[in-house]
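The values are calculated or read from the model by the stated rules, or taken from the named source; none is laboratory data. The model shown is predicted, which means the values in this text are computed figures rather than measured ones. Using ideal geometry, Cβ is built from the backbone for each residue, glycine included, and neighbour counts are taken over all protein chains shown. Note: accessible area is taken over every heavy atom of the protein model, side chains too, but ligands, DNA and RNA are not part of it. Shrake-Rupley method; radii C 1.70, N 1.55, O 1.52, S 1.80 Å.
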Amino acid sequence: MWAIRILSGPQAGQIVPLKPGKNIVGRGPSCEVKIASTGVSKEHAQIFITEDKAIVSDLNSRNGTLINGVRIQNQRIQPGDKLVLHEIVADIIAVPAGATLIPFGRAAGAPAMGHPQVHPQGYPQTWPQGGAAPRIDDPQGMPMPGFDPMAVADDGAAPTARIGLVKTVESYFENVAMPGLYSIAQMFEFRWVLGGIVAVYIFLVTAVAVIPTVAMIKISVEEESRRRAITISRNLAARNAAAIKQKNEMAVDVSDAGKEDGVAAAIVINAKDGSIIAPSNLRGSFSEKTFVIKARKTNGELVQKLDSSTIGSSTPIMAYDSETSSQSPAAYAVIIYDMSDIATKDGRIFGLFLQILGIAGALGLLLFVFVIRMIEHPLTQLNAQLDDALREGRDELRTSYKFPRLEQLASNISSALARIGGAAGNEPQVVVDRESEAANLVGMVGSAAVAINGLDDRIIMSNGGFDRLVGGGVDLRGRGINDIPDSTLQLNLREMLPVLRAQPAHPAVAQVPFGGEQHEIRAQAIIAGDGSPAYYLVTIRRLDEEAG
């Protein structure tokens with residue numbers, strides 16, 4: 001039996017069984033799997049189910065169908081593969097045949113009520129209306145804790161699943177972006193994929209670094225152009241002040257100012273009528289420049305940016321006015337300054353980009369070498385230990401790196417070697433799934449209990465009593481003890497676990513208050529075949545309950 005599990009969007013957590021044959025997925029009312037999203041076509045995709053496989057076909061949808069980040073037209077999908085329909089992410093899960101349901105809190109023989117769902121690991125289950133989460137028995141009769149992907153509320157009703165922006169981004173990153181990157185790493189050698197990522201990072205950082213640098217340069221060029229323009233206009237006014245005061249317009253000269261670098265135009269205009277006094281070839285004419293008209297209306301200096309490459313500067317030439325018996329502007333020295341001579345050229349910008357890219361590339365290459373060595377070295381060491389173990393008949397691998405995933409890999413390889421060695425000697429081997437054992441044991445404890453992995457301090461399972469006592473409404477499975485909502489309990493566990501590692505045969509006991517009442521924490525290490533703790537079983541009871 002197959003089912004589709006929706007991972008994002010307003011229906012996140014919903015699981016829909018798939019019938020044998022055609023199953024249409026879309027937002028249309030006739031679809032077997034209805035998706036509430038405007039980005040999904042009415043008939044978006046088809047999932048064809050047989051006894052042992054599921055095939056996804058795109059039905060010419062508007063936004064396409066993706067599997068693990070790759071757009072497809074017709075492709076077989078495996079359990080765990082991520083199916084993306086526009087912004088909706090889902091996966092396909094296989095349900096084992098013959099699974100039975102035993103809801104918690106239902107009397108023997110009472111009919112099961114509610115809506116059928118499927119456990120995330122593939123076990124079907126039913127939630128009774130108004131009741132607690134169910135227990136699932138697999139075909140071998142092994143009870144498993146129930147899990148409600150719809151987050152059943154206190155009143156037993158399954159509320160509408162809500163997912164925020166952070167969850168949406170996280171889901172897209174994990175289910176769409178990363179699978180696409182993983183597929184690239186499967187097509188090319190890993191070191192070159194990592195090198196490509198570093199190269200793209202270097203290029204993007206260089207481009208981003210050049211943009212503000214060029215902006216700052218342009219601001220500096222404009223400020224320098226303003227200072228230079230006003231300085232030239234002041235000097236022009238000072239050189240011609242005597243001639244203006246003596247009303248000797250023929251002696252007014254702008255040739256020196258016109259020779260300055262960047263000066264596009266240098267003129268002296270009459271303050272009263274706006275006519276040009278100098279240069280001589282324009283004497284008596286009028287300037288229609290907006291800046292000149294604005295300068296005549298200003299008694300003081302004026303500096304203004306005229307366009308992207310031009311600065312205008314005006315300095316008044318003061319003289320005694322017999323009509324007003326005061327000093328007033330008799331003329332204006334006007335400079336039009338072109339910034340393009342000192343502005344940053346496109347070629348210079350490209351050169352700056354290449355310089356930064358070269359420096360970043362050298363540092364990036366050094367970073368790449370360090371990173372690839374950091375990745376390869378522990379794997380090389382582990383591989384060398386495996387060669388020695390196979391040659392010498394040993395069954396223990398260890399790594400000195402503080403890398404939980406690598407430590408777990410070494411532990412699993414050691415277990416596999418031990419099993420191979422036992423099989424070679426025709427010795428009967430009993431293989432125990434310690435995490436399933438821990439989960440089942442926690443479910444059998446009547447008081448609040450939690451099981452913690454002995455290798456990486458990861459929480460394997462907690463029962464309902466523990467979840468109610470600790471609070472927070474957090475699904476702690478697979479998380480570290482630092483994610484436990486109660487900080488006092490965190491502190492006690494961090495102190496108790498090292499004691500259990502040092503003396504795994506002896507329990508550790510502590511006391512902690514919950515809800516104003518003293519509780520006793522009792523922890524016991526469960527020993528693995530190599531003598532180290534496989535996991536820790538922690539129980540919490542009220543002191544008066546313990547005494548009773």
Segment 465-488, residues that are over 16 Å from Val442 (Cβ atoms) and either open to solvent by 70 Å² or more (accessible area, probe 1.4 Å) or part of a helix (DSSP H, G or I) (or both): Gly473, Asn482, Asp483, Ser487, Thr488
Failed criterion for Asp91 (all others in (1) within 30 Å of the chain's Cα centre (by Cα); (2) touching a residue at least 60 places away in the same chain (Cβ under 8 Å); (3) farther than 22 Å from Glu174 by Cα hold): (3)
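Condition check ((1) among the hydroxyl-bearing types (Ser, Thr, Tyr); (2) modelled with pLDDT under 90; (3) over 29 Å from Val169 (Cα atoms)) across all residues:
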residue: Gly9; (1), (2), (3): no, yes, no
residue: Ile24; (1), (2), (3): no, no, no
residue: Cys31; (1), (2), (3): no, no, no
residue: Ala36; (1), (2), (3): no, yes, no
residue: Gly39; (1), (2), (3): no, yes, no
residue: Gln73; (1), (2), (3): no, yes, no
residue: His86; (1), (2), (3): no, yes, no
residue: Ala112; (1), (2), (3): no, yes, yes
residue: Gly122; (1), (2), (3): no, yes, no
Subset of segment 279-327 [modelled with pLDDT of 85 or more, open to solvent by less than 80 Å² (accessible area, probe 1.4 Å) and acidic (Asp, Glu)]: Asp307
Qualifying residue in segment 49-57 (condition: under 31 Å from the mean Cα position of the chain (by Cα), assigned to a loop (DSSP other than H, G, I, E, B) and surrounded by fewer than 19 Cβ atoms within 10 Å (Cβ to Cβ)): no
Members of segment 269-282 that are in contact (Cβ under 8 Å) with a residue 60 or more places away in the chain, part of a strand (DSSP E or B) and touching a helix residue (DSSP H, G or I) at 6+ places or on another chain (Cβ under 7 Å): Ile269
Verdict on Met496 being part of a helix (DSSP H, G or I), surrounded by 13 or more Cβ atoms within 10 Å (Cβ to Cβ) and aliphatic (A, V, I, L, M): yes
Residues (assigned to a helix (DSSP H, G or I) and within 23 Å of Arg479 (Cβ to Cβ)) located in segment 381-420: Pro404, Arg405, Leu406, Glu407, Gln408, Leu409, Ala410, Ser411, Asn412
Cross-chain or 6+ apart pairs with Cβ under 7 Å, segment 174-189 first and surrounded by 11 or more Cβ atoms within 10 Å (Cβ to Cβ), then among the small types (Gly, Ala, Ser): Val176/Gly69; Ala177/Gly69; Pro179/Gly69; Gly180/Gly69; Ser183/Gly69
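Is one or more of the residues making up segment 351-361 within 26 Å of Thr213 (Cβ to Cβ) and in contact with a Leu (Cβ under 9 Å, 6 or more places away or on another chain)?
The answer is no, given that none of the residues of segment 351-361 is within 26 Å of Thr213 (Cβ to Cβ) and in contact with a Leu (Cβ under 9 Å, 6 or more places away or on another chain).
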Counted residues, segment 234-253 - those being touching a helix residue (DSSP H, G or I) at 6+ places or on another chain (Cβ under 8 Å) and within 15 Å of Gly312 (Cβ to Cβ): 1
Any hit, segment 157-165, residues being out of contact with any Asp or Glu (no Cβ under 7 Å at 6 or more places or on another chain), assigned to a helix (DSSP H, G or I) and polar (S, T, N, Q): no
Unique residue being more than 30 Å from Ile336 (Cβ to Cβ), surrounded by 13 or more Cβ atoms within 10 Å (Cβ to Cβ) and at pLDDT below 85 when the list is Ile202, Ile163, Ile197, Ile217: Ile163
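To keep it simple, each residue is scored yes or no on (1) outside any loop (DSSP other than H, G, I, E, B); (2) farther than 25 Å from Ile219 by Cβ.
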residue: Asp256; (1), (2): yes, yes
residue: Glu260; (1), (2): no, no
residue: Ala264; (1), (2): yes, no
residue: Ile267; (1), (2): yes, yes
residue: Gly284; (1), (2): no, yes
residue: Ile293; (1), (2): yes, yes
residue: Gly300; (1), (2): no, no
residue: Tyr320; (1), (2): yes, yes
